[in-house]
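In what follows, a structure is listed as structure tokens, so that the remarks can point back to it.
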Amino acid sequence: MSADRFKILTGNDLLTGDVTWWTGSGWSTAVNDAAPLTDDGAAIITAEERAQRVVSAYVIDATRDAQGIRPAHIKDRVRALGPTVRLDLSHRPHDPAATAWIA
Amino acid sequence: MAETLIRLRDDSASTAPVVAFADLSDTANALAVRLMPGDDARALLPLLGQLELVEVAFPGFNDGRGYSAASILRESGYTGELRAVGDVLVDQISHYHRVGFDAFAPDQPITRAAIDTAIATWPEVYQRTVDGRPAIWALRHG
Amino acid sequence: MYQYDTHDQAMVDARVAEFSDQVARRLSGALAEDQFRPLRLKNGLYLQLHAYMLRVAVPYGTLNARQMRMLGDIADKYDRGYGHFTTRQNIQYNWIKLEDAPAILADLASVGMHAIQTSGNCIRNTTADHFAGAAADEVADPRPYAELLRQWSTFHPEFDYLPRKFKVAIIGSDVDRAAMKLHDIGIQVVTNAAGEEGLRIHVGGGMGRTPMIAPVIRDWLSPLQMVSYLEACLRVYNRYGRRDNKYKARIKILVHEIGAEEYRRQVEQEFAHILTLGLEPPPAELARIKAQFADPAFDRAAPVAIDLSDPDFALWVDQNVHAHKVQGYGIVTISLKPTGGIPGDASADQIRLMADLARDFSFDELRVTHAQNIVLPHVKRTDLHAIWQRLDEAGLATPNLDLIGDIIACPGLDYCSLANARSIPLAQKISARFADVERQRDLGELKLKISGCINACGHHHAGHIGILGVDRKGVENYQLLFGGSEGADTSLGSIIGPGFSEDGIVDAIERATQVYVAQRTDGERFLDTYRRIGTAPFKDAIYG
Ligand code: HEM
Ligand code: SF4
């Protein structure tokens, strides 16, 4: 498994609080737009936090599955999806398989 | 202009060497002392008559022990300079002032205007403290 | 209930101005996140899993219809049409934008509300018995003292950077409905043989990772010295509470480490000093506040008998309406625990409906309970049927108060960045498994409480059945506790064995209820049976 692992960068939009993912050139609210990092991401975090585009940014492990990018930790999968108890407010509102993706 | 020492007092600043609380026993006639957060402010009470300056260190703004130290000194009648030193931030100034600080030596300089604005944050106050402002209950009941 | 005067209003208005300025400085870059975080937390603004979360104070759980309506309007205007009522008698909004926060605080201030000190290492919102001023078993209304504490603790300059958060709860009845002994300070208003009011002060309780029941630090305190005494309690804590380890920083650890006797001695010494300073508000201030909590104009001739021929209505009255101190009235608890629903969540429309019912039928008053329900404290029994019908239409008439379906659950991993596991889906499954209300009623009072991590926001230590979410190698896992209580018989639950998956724990609970049904004697609650027969029979049935 570990060979398939890569790192991506996530945080929250300073203004809206939305969960965002680093795309290589900017931020997206869709986890599938996340771009694998080529280094430890520290320089991007510093620059982007200083530019007031993101807050609480951190680097996580992820893998790729049939549905796209899958954060390694359950907490980041919940962040990527939205609350499993309110799928209507999540990123996959009409997808009954969404909850299964979390666990 | 942002400054690193702002005094709200009219007298001139003490020029006496500042003695660390831990070294006090060697210098019984100290005129200026620095308290760290864990030091017992009450141990200074016998010296209150002679002290010109007490510095209270805030190595981090979120260690609130210095607020109690200041209150205790003022409640016990200390009238010399009480200076908050270290990670002293503008958003804490009104509270510092309410517990008796009348001088600030912030790591990051603050302007005098910002200090004055901060002190005026609360038009009224709920508690009686050593700053002498009337509490709201006193305003209500004369 | 208490009405702000111009002084109180000036304080919340000043707060809005202060926070607006702080947000502007954050957005301009003048304040870095490290400096801003504690400032936004002091206004209840967290950064959570999906967005900013705003926690609004409901002082001692009491609010009027206008305030409640505003909570609904805020949910629509700035959030996604709902709010979450919490075990701290507060409401939280989950989808707040930083740039909207000052406007929300301004809207709140327009109805005398705020988010002051709903987070941070300061004195938090004081909680109280949610039946205060209404319960038939009450000795004295604790809310005047809670209001005095609200004012004393608001922007208290000495206690804004305590070692850790600080929570006070106050009750005025022997029946503890506020988990009083599980707070940093718990106060009980009592009376002596001469009929005078006094305060019994407990210090050093709490939940979290080291649950403790607060010992009595002073058996009798004159109410006219309450502020001075608490000032002393807090000063000792501020000076000597541990700051080296945030998990040992609560006052319960200080009281435990130096001992209740030594803590009491230090407090008494400081108290003697503080009494010389004249910090105590005058008797006239307490009298002024008490006058505002005087009884509303009850109709003393209101009839007691009502038509209970509709069985669904009768069931709801029996389960969700408590005895009121005035004949002909009842205390209505609106369950925010529909079968299979999210404990504590209410839509904007539901919030406004409850506001209207309070205005029309409950002397303009509502309460938020620590069990995440809403109370209409003063309802004429003859109005119950009309209220029930309107609640029923809105999905708010579930007759499950204090039953297994009335689950307390923290937000858990669906919303909370500290969580190890989800709480809400588990609550939904248990509630669905026990959907049959007659079965729930047969099981009787059974308090089930779920926390998504060791912080215990869902009071799992104090549940007759408690559930704690843990992380087992990246997979959600749940531990089961039995034997906790947060009533007058406060006790801490203990973990009964190895943890479970989500489905496993629902089965385990079902088996535990079967043991109870088989073993109970007349009138015993689940908790009583458990206390009498011990863990073994339950373990056998669950793991056997
Ligand atoms: C959603 C974000 C939340 C965060 C980050 C959070 C954080 C915490 C933490 C860290 C503790 C442990 C404190 C300690 O042991 O020193 C705690 C305890 C507690 N929280 Fe929360 N909490 C959250 C939500 C809630 C909610 C929704 C409630 C219910 C209204 C709540 C009520 C409590 C209670 C009752 C305790 C235990 C009592 C105590 O020991 O303080 N919290 N919380
Ligand atoms: S108990 Fe844990 S998971 Fe639940 S709200 Fe508190 S901190 Fe979050």
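General observations
- For the residues of C:155-168, the average number of beta carbons from a partner chain within 10 Å of their own beta carbon is 6.
- Accessible surface of the protein assembly as shown, 1.4 Å probe, proportion on carbon and sulfur as whole %: 51
- Charges were assigned to the Cβ only: +1 to each Lys and Arg, -1 to each Asp and Glu. The resulting dipole of the range C:410-544 about its Cα centre is roughly 200 debye.
- Alpha-carbon centroids, the range C:415-486 and the range C:1-49: separation in whole Å: 34
- Only Cα pairs under 8 Å and 6+ residues apart enter the sum, and on that basis the relative contact order of chain A stands at 24 percent.
- Rounded to whole Hz, the Karplus (6.51, -1.76, 1.60) HN-Hα couplings of the range A:25-37, x for glycine and proline: 9, x, 10, 10, 8, 9, 4, 5, 7, 5, 9, x, 7
- The simple spin-label model puts a point 7 Å past each Cα toward its Cβ; for C:Glu99 and C:Trp220 those points are separated by 6.1 nm.
- Peptide packing: for C:256-263, C:179-186, C:291-298, the average count of neighbouring Cβ atoms within 10 Å per residue gives the ranking C:179-186, C:256-263, C:291-298, highest mean first.
- For the peptide B:118-128, the mean number of other protein chain Cβ atoms found within 10 angstrom of a residue's Cβ is 6.
- About its Cα centre, the dipole of the protein assembly as shown is roughly 920 debye, where the only charges are +1 on Lys and Arg Cβ and -1 on Asp and Glu Cβ.
- Helix B:65-75 axis versus longest C-alpha principal axis of chain B: approximately 90°, rounded to the nearest ten.
- Per residue, the accessible area of chain A comes to 47 Å², computed with a 1.4 Å probe over protein heavy atoms only.
- The contact residues of the range C:93-116, meaning those that lose at least 10 Å² of 1.4 Å-probe accessible area when all protein chains sit together rather than their chain alone, are C:Trp95, C:Lys97, C:Leu98, C:Glu99.
- If only the Cβ of Lys and Arg carry +1 and only the Cβ of Asp and Glu carry -1, the dipole of the range C:311-393 around its Cα centre is close to 280 debye.
- Selection from B:Pro123, B:Gly60, B:Gln50, by position along the positive dipole direction of the range B:6-141 (Cβ): B:Pro123
- Remark: chain B carries 42 Å² of accessible area per residue (probe radius 1.4 Å; ligands, DNA and RNA excluded).
- With pairing defined as another cysteine C-beta under 4.7 Å, the cysteines of chain C that fail it are C:Cys122, C:Cys233, C:Cys416, C:Cys453.
- By a 1.4 Å probe calculation restricted to protein chains, C:Thr127 has an accessible surface near 10 Å², given to the nearest 10.
- CD proxy at 222 nm, helix term only [per DSSP H run n ≥ 4: -39500 (n - 2.57); per residue of the protein assembly as shown; nearest 500]: -9500 deg cm²/dmol
- Tensor-based shape of the protein assembly as shown (alpha-carbon gyration tensor, a/c under 1.5 rounded, otherwise prolate or oblate): oblate
- Tensor-based shape of the range B:6-141 (alpha-carbon gyration tensor, a/c under 1.5 rounded, otherwise prolate or oblate): prolate
- Both chains summed, the buried accessible area for C and B stands near 3400 Å², from protein heavy atoms and a 1.4 Å probe.
- Rounded, prolate or oblate (a/c below 1.5 giving rounded, otherwise prolate when a/b exceeds b/c) for the range C:6-109 by Cα gyration tensor: oblate
- Label zone at C:Asp295, where the point sits 7 Å out along the Cα-to-Cβ direction: the range C:126-163 residues whose backbone N lies under 14 Å: C:133-141
- Listing of the range A:6-28 residues, each with accessible area lower by at least 30 Å² in the full protein assembly than in the chain alone (probe 1.4 Å): A:Asn12, A:Leu14, A:Leu15, A:Thr16, A:Gly17
- A 1.4 Å probe run over chain C, with the rest of the protein chains in place, finds 33 Å² accessible per residue.
- Taken across both chains, chains A and C shield about 2300 Å² of accessible surface from a 1.4 Å probe.
- Under Stokes-Einstein, with the Kirkwood radius over Cα pairs as Rh, the value for the range C:300-412 at 25 °C and 0.890 mPa s is 173 µm²/s.
- Note on C:Thr521: accessible area is roughly 70 Å² with a 1.4 Å probe, heavy atoms of protein only.
- Listed pairs C:Lys77/C:Lys325; C:Lys165/C:Lys290; C:Lys290/C:Lys337; C:Lys97/C:Lys167; C:Lys77/C:Lys337 exceeding 31 Å between Cα atoms: C:Lys77/C:Lys325; C:Lys290/C:Lys337
- Sites matching trypsin sites (Lys or Arg not before Pro) across the range C:185-251 that sit in DSSP coil, with at most 14 neighbouring C-beta atoms within 10 Å: C:Arg209
The values are calculated or read from the model by the stated rules, or taken from the named source; none is laboratory data. No experiment lies behind these values; they were computed from the predicted model shown. Neighbour counts are summed over all protein chains in view; Cβ atoms, including those assigned to glycine, are modelled from backbone coordinates with ideal geometry. For the accessible areas, the whole protein counts, side chains as well, though only heavy atoms, and no ligand, DNA or RNA atoms are used. Shrake-Rupley method; radii C 1.70, N 1.55, O 1.52, S 1.80 Å.
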